[in-house]
Amino acid sequence: MAKSKVLVVGGTGYIGRRIVKASLEQGYPTYVLQRPEIGLDVDKVQILLSFKKQGARLVEGSFSDIQSLIEVVKQVDVVICTMSGVHFRSHNILLQLKLVEAIKAAGNVKRFLPSEFGMDPARMEHALEPGRVTFDEKMIVRRAIEEANIPHTYVSANCFAGYFVGNLCQMDRLTPPKDKVNIYGDGNVKAAFMDEDDVGTYTIKTIDDPRTLNKTVFLRPPENILSQRQLVENWEKLSGKKLQKVTIPQEDFLASMKGLDYPSQVGVGHFFHIFYEGCLTNFEIGEGAEEASRLYPEVRYTRMEEFLKLYA
Ligand code: NDP
Ligand code: GO6
């Protein structure tokens, strides 16, 4: 069977560019949406040109022209959307409804992967305001996909290492703190962490796989299920320096939301569910779902001990 043609929408973005890279590496004919709106954004243009140099095809289309999206979608078998969902970046998840409409009209797409790549929004019905917007919007997109009977895979990628590991889960930075580290509660709640390149690799692995059709695939490999304290210990070993631990009780953490700007409030909500409640690990992966490292044992995923060496 010939390999599916893959379109990445949002290909110049943070996770999108890793997905384009993985698609090219795994030998898929790779198409990347080129939006006229990127205009004078020279960094995006350069990223697109580098994809082209590596063999990707750039295809023009705009979210303000549904017909252009239909034309693009008609050229491929698989569509992966990596539209921004980060509250302190542009945040436009619901724009995907246009893409769903285009895929429905085109009628040829064999698999759609919407922009998910985080916590499973179906498990976040109880999420706190205002952070729940992230999950509510992703669920609206899921409903549209399912109502249109579009074959799909939802990838739940847990915590991207660049946002959660390099900073030892601190919210105000992306690199390790020098002296003090805030510890959420007892620090022993397990979360799951993923190197972003591995998110790309596993995502592409799922697209032609009948085992992942209309399922949620969790990227939760056993060795990357770690508590915040385990991450901190890893870093202390690497750096040869002990950090002062400052315990943040749950009540204080939640109270800290008051007075923060909206994007930070969203972040606090997410961190609460991850590091106090344990929402990434407090369930078994069962019916309608798969775990990526079980499906693809051949992938040698990056351990966080290895990932942290980048910061040493
Ligand atoms: P980015 O903020 O990097 O944006 C991705 C792309 O979205 C952009 O490159 C752009 O595509 C597209 N985009 C933005 N605004 C518009 C617009 N107005 N119209 C059309 N396209 C637009 O996204 P991320 O990679 O950070 O996020 C992708 C997904 O990953 C989200 O669902 C997010 O929730 C999730 N995520 C998960 C994390 C985790 O720890 N698990 C961490 C971060 C994100 P173009 O290339 O065409 O310019
Ligand atoms: C990433 C972050 C890092 C927030 C998800 C505030 C959706 C998800 C794990 O954009 O809030 O400093 O699942 O100050 O389903 C952001 C969010 C993390 C990054 C989480 C995310 C994760 C979105 C911050 C901060 C480093």
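The values are calculated or read from the model by the stated rules, or taken from the named source; none is laboratory data. Owing to the predicted nature of the structure, the values given are computational and were not obtained by experimental measurement. Here the Cβ positions follow ideal geometry from the backbone for every residue, glycine too, while neighbour counts run over all protein chains shown. Side chains included, ligands, DNA and RNA excluded: accessible areas come from the protein's heavy atoms. Shrake-Rupley method; radii C 1.70, N 1.55, O 1.52, S 1.80 Å.
Quick check: anything in region 15-25 more than 18 Å from the chain's Cα centre (by Cα) and either more than 16 Å from ligand 2 (Cβ to nearest atom) or open to solvent by 10 Å² or more (accessible area, probe 1.4 Å) (or both)? Full working, then the answer.
Going through region 15-25, the residues more than 18 Å from the chain's Cα centre (by Cα) turn out to be 24-25.
If we keep only those that are either more than 16 Å from ligand 2 (Cβ to nearest atom) or open to solvent by 10 Å² or more (accessible area, probe 1.4 Å) (or both) as well, we get 24-25.
Yes, some residue in region 15-25 is more than 18 Å from the chain's Cα centre (by Cα) and either more than 16 Å from ligand 2 (Cβ to nearest atom) or open to solvent by 10 Å² or more (accessible area, probe 1.4 Å) (or both).
Scan region 84-96 and give yes if some residue there is away from ligand 2 (no atom under 11 Å from the Cβ), open to solvent by less than 10 Å² (accessible area, probe 1.4 Å) and out of contact with any Lys or Arg (no Cβ under 8 Å at 6 or more places or on another chain), otherwise no. Spell out the reasoning first.
Within region 84-96, the subset away from ligand 2 (no atom under 11 Å from the Cβ) is 90, 92, 94-96.
Filter once more, so that each one left must be open to solvent by less than 10 Å² (accessible area, probe 1.4 Å): 96.
Then keep just the ones that are out of contact with any Lys or Arg (no Cβ under 8 Å at 6 or more places or on another chain); that gives 96.
Among the residues of region 84-96, at least one is away from ligand 2 (no atom under 11 Å from the Cβ), open to solvent by less than 10 Å² (accessible area, probe 1.4 Å) and out of contact with any Lys or Arg (no Cβ under 8 Å at 6 or more places or on another chain), which makes the answer yes.
The rows are residues; the columns are (1) under 20 Å from residue 123 (Cβ atoms); (2) surrounded by fewer than 17 Cβ atoms within 10 Å (Cβ to Cβ); (3) touching a residue at least 24 places away in the same chain (Cβ under 8 Å).
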position: 245; (1), (2), (3): no, yes, yes
position: 262; (1), (2), (3): no, yes, yes
position: 267; (1), (2), (3): yes, no, yes
position: 272; (1), (2), (3): yes, no, yes
position: 278; (1), (2), (3): yes, yes, yes
position: 282; (1), (2), (3): yes, yes, no
position: 293; (1), (2), (3): yes, no, yes
position: 301; (1), (2), (3): no, no, yes
position: 307; (1), (2), (3): no, no, yes
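Give me the residue from region 273-312 that is among the β-branched types (Val, Ile, Thr) and part of a loop (DSSP other than H, G, I, E, B) and, out of that set, farthest from residue 191 (Cα to Cα).
Narrowing region 273-312 to residues among the β-branched types (Val, Ile, Thr): 274, 281, 285, 299, 302.
Those left that are additionally part of a loop (DSSP other than H, G, I, E, B): 281, 285, 299, 302.
Details: 281: 6, 285: 14, 299: 21, 302: 16 Å.
Here the answer is 299.
State whether the residues of region 174-193 include one that is away from ligand 1 (no atom under 15 Å from the Cβ) and under 30 Å from residue 12 (Cβ atoms). Quick ask: steps written out before the conclusion?
Residues of region 174-193 away from ligand 1 (no atom under 15 Å from the Cβ): 175-190.
Adding the requirement that they be under 30 Å from residue 12 (Cβ atoms) leaves 175-176.
The answer is yes, given that some residue of region 174-193 is away from ligand 1 (no atom under 15 Å from the Cβ) and under 30 Å from residue 12 (Cβ atoms).
Conditions tested, residue by residue: (1) in contact with a Pro (Cβ under 9 Å, 6 or more places away or on another chain); (2) not hydrophobic (A, V, I, L, M, F, W, C).
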position: 110; (1), (2): yes, yes
position: 115; (1), (2): no, yes
position: 142; (1), (2): yes, yes
position: 171; (1), (2): no, no
position: 177; (1), (2): no, yes
position: 185; (1), (2): yes, yes
position: 199; (1), (2): no, no
position: 205; (1), (2): no, yes
position: 214; (1), (2): yes, yes
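Take the residues in region 247-260 that are open to solvent by 60 Å² or more (accessible area, probe 1.4 Å) and among the polar types (S, T, N, Q), then tell me which one is farthest from ligand 2 (Cβ to nearest atom). Walk me through how you get there before you give the answer.
Filtering region 247-260 down to residues open to solvent by 60 Å² or more (accessible area, probe 1.4 Å) leaves 247, 250-252, 258-260.
Now restrict to residues that are among the polar types (S, T, N, Q): 247, 250.
Numbers: 247: 19, 250: 17 Å.
Result: 247.
Only one residue in 109, 78 is among the aliphatic types (A, V, I, L, M) and either within 14 Å of ligand 1 (Cβ to nearest atom) or open to solvent by 10 Å² or more (accessible area, probe 1.4 Å) (or both), so which one is that? Before you say what the answer is, go through the steps one by one.
Numbers: 78 fails: either within 14 Å of ligand 1 (Cβ to nearest atom) or open to solvent by 10 Å² or more (accessible area, probe 1.4 Å) (or both).
Every option except 109 fails the conditions.
Inside region 1-88, counting only helices (runs of 4 or more DSSP H) that do not spill past its ends, which hold 1 or more residues that are touching a residue at least 24 places away in the same chain (Cβ under 8 Å), closer than 25 Å to residue 108 by Cα and not hydrophobic (A, V, I, L, M, F, W, C)? So that I can check it myself, show each step before the final result.
Details: elements: 16-25, 42-53, 66-73.
Those helices (runs of 4 or more DSSP H) span 16-25.
Criterion first (of a type in the set (A, V, I, L, M) and either part of a helix (DSSP H, G or I) or buried (at least 16 other Cβ atoms within 10 Å of the Cβ) (or both)) does residue 226 satisfy it?
Values: of a type in the set (A, V, I, L, M): yes; either part of a helix (DSSP H, G or I) or buried (at least 16 other Cβ atoms within 10 Å of the Cβ) (or both): yes.
For residue 226, the condition - of a type in the set (A, V, I, L, M) and either part of a helix (DSSP H, G or I) or buried (at least 16 other Cβ atoms within 10 Å of the Cβ) (or both) - is met.
Please go through region 143-165 and give me each residue that is over 18 Å from residue 273 (Cβ atoms), surrounded by fewer than 21 Cβ atoms within 10 Å (Cβ to Cβ) and either in contact (Cβ under 8 Å) with a residue 60 or more places away in the chain or within 11 Å of ligand 2 (Cβ to nearest atom) (or both), ordered by number.
Residues satisfying the conditions are 151, 162.
Looking at region 288-305, which of its residues are under 13 Å from residue 196 (Cα atoms) and not polar (S, T, N, Q)? Reasoning before the result, please.
Within region 288-305, the subset under 13 Å from residue 196 (Cα atoms) is 301-304.
Passing the criteria: 301, 303, 304.
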